[in-house]
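Written below as structure tokens is the structure these notes are about.
The values are calculated or read from the model by the stated rules, or taken from the named source; none is laboratory data. The structure displayed is predicted, hence computed values, not measured ones. Using ideal geometry, Cβ is built from the backbone for each residue, glycine included, and neighbour counts are taken over all protein chains shown. We work out accessible area using only protein heavy atoms, side chains counted, and drop any ligands, DNA or RNA first. Shrake-Rupley method; radii C 1.70, N 1.55, O 1.52, S 1.80 Å.
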Amino acid sequence: MDFISNREEQNRHLMAALGIESMEELFSGVQRSLLRSRPVSDDGLSELEVLRLLEGTAEKNRFPLFDQYLGAGAYQHHVPALVQAVCSKSEFLTAYTPYQPEISQGMLQAIFEYQSVICALTGMDMANGSLYDGAAACAEAILMALRHHPQRRRVVISSLLHPHYRQVINQYLSSHDLEVKTVGYDAEGQLDLAGLSRVLNDQTAAVLLQSPNFLGFLEPVKEVFEKADQVSAVRILCANPMSYGLFSSARELDADIAVGDSQPFGLPLQFGGPYVGYVAVREGFLRQLPGRIVGETVDSNGKRGFVLTLQAREQHIRREKATSNICTNQTLAALASLVAMLWYGPEGMRRLALTNYQRTAYLRQKLSEIPGIRLFGTAPVFNEFALFFDRPLVRVLRLFRKERIEPGLPLGRYDRRWVGALLIAATEMKSKEQLDHYIEVARQAASR
Amino acid sequence: MSELKTIFQKSQKGQRAYSLPTDGEAFDAFTPPAELLRTAPPELPEVSEIDLTRHFADLAKRTVGIDNIFYPLGSCTMKLNPRVNELCASLPGFTRTHPLAPDKSVQGNLKVIHELISMLCEVSGMTAGSLTPNAGAQGEFAGVRMITAYHHRRGDHARTEMLVPDNAHGTNPATAAMAGLKAVAIRTDATGDLDMDHLKSLLSERTAGLMLTNPNTLGLFSPRISAITQLVHNTGGLLFYDGANLNAILNIVRPGDMGFDVMHLNLHKTFSTPHGGGGPGSGPVLCKDRLKAFLPLPRVVVKNNSYQVVWKDRRSIGQIASFHGNFAIYLRAYAYCKAHGYAGLRRVGEQAVLNANYLKKQMGQYFTIPYPQSCMHEFVVQADRYLDRGVRALDIAKRLLDYGVYAPTIYFPLIIRECMLIEPTECESQATLDRFIAIFGQIVKEIESDPELVRSAPHRQFVSRLNEAQAARKPILKTSLCTQEV
């Protein structure tokens with residue numbers, strides 16, 4: 001099948017208007033040797049066969065049948081039904097980037113509202129219309145800091161930043177002549193403040209901290225940023241935005257740039273994407289923001305409207321001098337996050353974050369009481385936590401999986417010190433029954 | 001009093017849409033440390049579900065997509081976004097999979113990734129690829145990084161320049177700069193092709209490579225493409241193909257056969273994934289054997305009869321996305337490829353070129369055609385003849401909106417004065433194309449009799465022409481509950 005409208009009748013007319021008799025003549029300017037011959041038979045499928053094929057492929061995934069406790073930057077939360085209803089509307093789904101603003105006011109206003117909601121949540125002054133994901137947002141934030149301090153050559157990053165995010169940062173920084181210092185963590189699972197002091201100097205352009213960090217611990221952000229401020233380093237905070245429903249905002253923690261991924265709001269797991277990177281800044285960083293930004297203006301009758309603005313930062317105008325090469329971003333996914341965040345509202349955000357905190361805390365507490373299980377650290381956590389099993393992890397995993405539970409992410413492959421540890425996330429999706437079932441199985445797994 | 005309210009202005013105290021499960025007192029004992037809590041709740045609007053629903057319905061009413069109108073945007077390939085792809089992408093068997101799930105439990109996903117890369121390689125003349133870049137610009141970045149990695153591995157650190165045509169999409173030089181290379185522009189000659197003499201003069205031992213699209217941004221296929229790629233290879237540089245215009249040559253001509261070493265694709269262009277108002281897209285990077293070691297991570301391989309994910313490889317340029325890229329987007333492209341088969345993809349390319357040439361022929365009565373030869377899937381026209389009536393391409397674009405079609409791309413490529421870049425895609429019917437021509441006929445009459453009508457367009461939208469200068473001069477980038485919205 002295809003979605004071509006013109007058939008033989010119309011194509012005869014089109015070709016007659018061009019004075020040609022076959023499609024081949026359209027390609028007469030192409031070197032003969034480059035032209036492939038047309039496929040002999042039609043290997044396409046009908047619509048119902050496509051569906052059958054994809055449904056069969058989806059069924060090959062056994063993972064959705066499990067009670068799963070994986071987090072690590074991708075979280076299973078309830079996606080409000082309204083999200084799908086809004087995002088599948090023709091006008092949003094099939095619209096182009098709103099470069100012709102008069103005909104795209106709805107989309108522009110939606111992006112403007114997304115920017116506004118991100119600012120309300122993070123407490124920052126301005127935000128852009130989205131980046132690819134949290135990893136790209138961290139990378140772009142560091143590049144912003146480097147432009148802010150063009151003479152500085154050092155960047156300080158927490159070792160408990162998501163390891164994949166760190167990979168992407170390395171990618172973006174690969175052509176820069178820089179010193180990247182990584183600061184370790186203490187026994188509590190938080191950033192080693194003494195270690196931080198040792199690497200901060202007047203050459204430090206940026207300090208990047210994630211809180212909750214990769215292992216779920218809430219960091220002493222204010223203390224870290226106070227030290228960073230002493231050398232005027234740009235203070236970048238990477239956070240799961242759901243935590244801002246309950247915990248101090250990026251602004252209250254003295255961040256200059258707030259980044260992260262708003263996937264927890266409105267986006268299913270989808271095997272890793274599309275997610276949504278957010279970046280929100282203090283006023284002074286506006287001109288350095290990458291990507292698309294929507295601003296408010298008026299039309300020729302003084303009527304309120306919205307446009308893409310400050311485009312002189314972007315690639316289609318500044319080309320090699322642009323703040324970033326980004327063109328297409330994650331607009332529809334940002335719309336999904338917007339709908340979800342508005343659906344929760346201020347009170348819902350707080351209660352959602354609280355119930356996530358509580359379910360995780362409950363599971364963590366009960367598991368810590370089981371002999372043969374050791375918590376990674378004791379600092380407070382949000383949404384996920386790490387622990388060690390004394391028994392071999394291979395057997396622990398087998399036992400859980402027999403009970404149709406995927407108990408958490410084995411951490412050994414990220415760090416040799418973490419062999420035998422699992423990273424476990426518990427969200428509002430987990431009922432008390434499910435959590436108690438997990439605890440019961442854990443008790444067996446730890447003892448046998 | 002203005003009618004326009006943002007969602008912040010619709011807040012009513014105590015109203016809400018959300019609901020949450022409650023599990024009794026079991027969890028009450030766990031309270032977070034007080035000193036970590038935010039001092040006041042986030043200042044978000046309080047809106048009920050029905051009001052939220054209507055708010056977004058209103059926003060949708062003031063936006064249009066391909067589902068609504070013809071979108072002849074050159075360089076964007078605005079083809080139909082098939083709804084069957086939406087159905088496939090929303091299957092819970094896909095949406096509920098975590099990117100770090102054990103390989104054995106997500107064999108369906110890994111099969112999609114592996115097979116899609118194969119199909120894309122087959123139509124591109126490449127041998128390996130990665131679906132992780134999240135958009136075209138990221139695919140370009142991955143490809144350019146792979147080129148520099150290749151040179152560095154050979155011990156060659158002198159290649160610090162990337163050649164880019166002056167009519168290239170802005171992401172090309174921007175990407176080169178992000179990868180630490182100096183973007184050097186090559187002129188376009190009078191026939192619309194790359195200026196060979198200028199190219200030869202710029203090639204040196206400092207050349208990392210050449211980024212090119214073919215057909216180019218003027219919609220023209222270079223008759224000398226093999227000579228161009230050979231020239232660059234002879235000086236030790238590599239060739240990057242910008243796949244944005246692949247729709248013209250889909251399964252007709254292959255970038256690999258033209259001599260390109262690495263390329264990216266825009267799945268949200270050629271492969272019908274929805275634009276969503278600006279994204280998410282997907283920009284896979286594909287390459288030939290000599291670059292495949294450098295492909296980004298993670299990768300999907302076949303081992304012992306099953307699919308496995310490889311997260312580590314020291315020669316790779318590393319990760320470019322947090323996980324597997326925009327999986328739900330390229331899943332749609334997978335369905336699209338399977339639906340069409342190689343035969344259907346071929347038909348797409350041929351029809352796209354036929355539709356474009358038909359339009360171009362008719363447009364000649366109203367506009368200057370700078371390049372008279374046959375075009376591929378898109379073509380450039382110039383509206384400069386109307387400047388003496390005070391009417392620019394921008395004005396004509398705005399007036400088109402009043403006639404219920406989206407304006408073509410304007411002022412790109414930058415090298416053509418008062419240009420419009422028009423791409424109908426293979427989807428549009430003869431009636432739509434004929435109507436498009438007729439609309440221009442109308443507008444040209446208006447330019448003659450009432451140019452002010454066109455200069456001040458649009459007139460039939462929710463807003464008239466917007467003041468973009470003011471938006472940049474006095475940026476208002478958000479609203480809040482405290483903002484006095486007038």
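Checking each residue of segment A:94-102 against the condition of being at the interface with chain B (Cβ under 7 Å from one of its Cβ atoms), surrounded by fewer than 16 Cβ atoms within 10 Å (Cβ to Cβ) and in contact with a helix residue (DSSP H, G or I) (Cβ under 7 Å, 6 or more places away or on another chain) gives no match. Considering each residue of segment A:68-75 in turn, none proves to be at negative phi and surrounded by fewer than 18 Cβ atoms within 10 Å (Cβ to Cβ).
Residue count for segment B:158-176 satisfying the condition of being within 12 Å of chain A (Cβ to nearest Cβ) and open to solvent by 40 Å² or more (accessible area, probe 1.4 Å): 3.
Would you kindly identify the helices (runs of 4 or more DSSP H) lying entirely within segment B:125-216 that contain at least 2 residues that are more than 21 Å from A:His316 (Cα to Cα), without any contact (Cβ under 8 Å) to a residue 40 or more places away in the chain and touching a strand residue (DSSP E or B) at 6+ places or on another chain (Cβ under 7 Å)? If you could, list the steps in order and put the result at the bottom.
Details: elements: B:136-153, B:171-178, B:196-202.
Hits in segment B:125-216: B:196-202.
Inside segment B:371-388, residues that are buried (at least 18 other Cβ atoms within 10 Å of the Cβ) and either small (Gly, Ala, Ser) or free of Cβ contacts under 8 Å to residues at least 60 places away in the same chain (or both) make up a count of 3. The residues of segment A:398-448 that are part of a loop (DSSP other than H, G, I, E, B) and crowded, with 20+ Cβ neighbours inside 10 Å, listed by number, are A:Pro407, A:Gly408, A:Leu411, A:Ala426, A:Thr427, A:Glu428, A:Lys430.
Yes/no matrix, rows are residues, columns are (1) among the aliphatic types (A, V, I, L, M); (2) part of a loop (DSSP other than H, G, I, E, B); (3) surrounded by 24 or more Cβ atoms within 10 Å (Cβ to Cβ):
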position	(1), (2), (3)
A:Thr323	no, yes, no
A:Ile326	yes, yes, yes
A:Ala336	yes, no, yes
A:Leu342	yes, no, yes
A:Arg350	no, no, no
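What about B:Ala469, is it closer than 30 Å to B:Arg347 by Cβ, part of a helix (DSSP H, G or I) and open to solvent by 50 Å² or more (accessible area, probe 1.4 Å)?
Numbers: closer than 30 Å to B:Arg347 by Cβ: no; part of a helix (DSSP H, G or I): yes; open to solvent by 50 Å² or more (accessible area, probe 1.4 Å): yes.
The answer is no for B:Ala469.
In segment A:263-279, the count of residues that are open to solvent by less than 10 Å² (accessible area, probe 1.4 Å), assigned to a helix (DSSP H, G or I) and within 30 Å of A:Phe214 (Cβ to Cβ) is one or more. So, B:Ala190, is that one among the aliphatic types (A, V, I, L, M), surrounded by fewer than 20 Cβ atoms within 10 Å (Cβ to Cβ) and over 21 Å from A:Tyr172 (Cα atoms) or not? For B:Ala190, the condition - among the aliphatic types (A, V, I, L, M), surrounded by fewer than 20 Cβ atoms within 10 Å (Cβ to Cβ) and over 21 Å from A:Tyr172 (Cα atoms) - is met. Residues that are of a type in the set (Lys, Arg) and more than 7 Å from chain B (Cβ to nearest Cβ) within segment A:36-78 comprise just one, A:Arg52.
Listed here are the residues, each with its yes/no results for (1) within 30 Å of B:Leu100 (Cα to Cα); (2) out of contact with any Leu (no Cβ under 8 Å at 6 or more places or on another chain); (3) surrounded by fewer than 21 Cβ atoms within 10 Å (Cβ to Cβ).
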{"residue": "A:Pro163", "(1), (2), (3)": "yes, yes, yes"}
{"residue": "A:Leu191", "(1), (2), (3)": "yes, no, no"}
{"residue": "A:Gln203", "(1), (2), (3)": "no, yes, yes"}
{"residue": "A:Ser211", "(1), (2), (3)": "yes, no, no"}
{"residue": "A:Leu218", "(1), (2), (3)": "yes, no, no"}
{"residue": "A:Val221", "(1), (2), (3)": "yes, no, no"}
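The set of residues from segment B:78-118 being closer than 30 Å to B:Ala356 by Cβ, within 7 Å of chain A (Cβ to nearest Cβ) and touching a Leu at 6+ places or on another chain (Cβ under 6 Å) comprises just one member, B:Cys88.
The set of residues in segment A:113-150 that are open to solvent by 10 Å² or more (accessible area, probe 1.4 Å), of a type in the set (D, E, K, R) and either in a helix (DSSP H, G or I) or at pLDDT below 95 (or both) contains only A:Arg147. Taking the criterion of being farther than 18 Å from A:Met124 by Cβ and in a helix (DSSP H, G or I), the residues of segment A:286-312 that qualify are A:Gln311, A:Ala312.
B:Val112 fulfils the conditions (1) under 27 Å from A:Tyr114 (Cβ atoms); (2) open to solvent by less than 30 Å² (accessible area, probe 1.4 Å) except for a single criterion, (1). All of A:Gly245, A:Gly260, A:Gly277, A:Gly273 fail the test of being in contact with a His (Cβ under 8 Å, 6 or more places away or on another chain) and not hydroxyl-bearing (Ser, Thr, Tyr), apart from A:Gly273. Set side by side, the residues B:Arg435, B:Arg417 differ, and just one is away from chain A (no Cβ under 14 Å) and under 27 Å from the mean Cα position of the chain (by Cα), which is B:Arg417. Would you point out the residue of segment B:344-363, among those that are in contact with a Lys or Arg (Cβ under 9 Å, 6 or more places away or on another chain) and open to solvent by less than 10 Å² (accessible area, probe 1.4 Å), that is nearest to B:Glu423 (Cα to Cα)? The residue in question is B:Ala352. A:Leu363 meets each of the listed conditions (1) more than 12 Å from chain B (Cβ to nearest Cβ); (2) open to solvent by less than 20 Å² (accessible area, probe 1.4 Å); (3) more than 25 Å from the chain's Cα centre (by Cα); (4) not hydroxyl-bearing (Ser, Thr, Tyr) apart from (1). Quick check on segment B:307-330: of everything there that is touching a Gly at 6+ places or on another chain (Cβ under 8 Å) and not small (Gly, Ala, Ser), which residue is farthest from the other protein chains (Cβ to nearest Cβ)? Looking at the filtered set, the residue picked out is B:Ile329.
Please find, within segment A:293-316, the residue that is most open to solvent (accessible area, probe 1.4 Å) out of those that are modelled with pLDDT under 90 and facing chain B (nearest Cβ under 7 Å). Checked segment A:293-316; the qualifying residue most open to solvent (accessible area, probe 1.4 Å) is A:His316.
Would you pick out the residues in segment B:224-255 that are in a loop (DSSP other than H, G, I, E, B), touching a Ser or Thr at 6+ places or on another chain (Cβ under 9 Å) and of a type outside the set (Gly, Ala, Ser)? Let's see the steps before the verdict.
In the first step, residues of segment B:224-255 are kept if they are in a loop (DSSP other than H, G, I, E, B); the result is B:224, B:235-237, B:249-254.
Checking which are touching a Ser or Thr at 6+ places or on another chain (Cβ under 9 Å) leaves us with B:235-237, B:250, B:254.
Listed by number, the residues that qualify are B:Thr235, B:Leu250, B:Arg254.
The single condition among (1) at the interface with another protein chain (Cβ under 9 Å from one of its Cβ atoms); (2) open to solvent by less than 10 Å² (accessible area, probe 1.4 Å) that A:Glu384 does not meet is (1).
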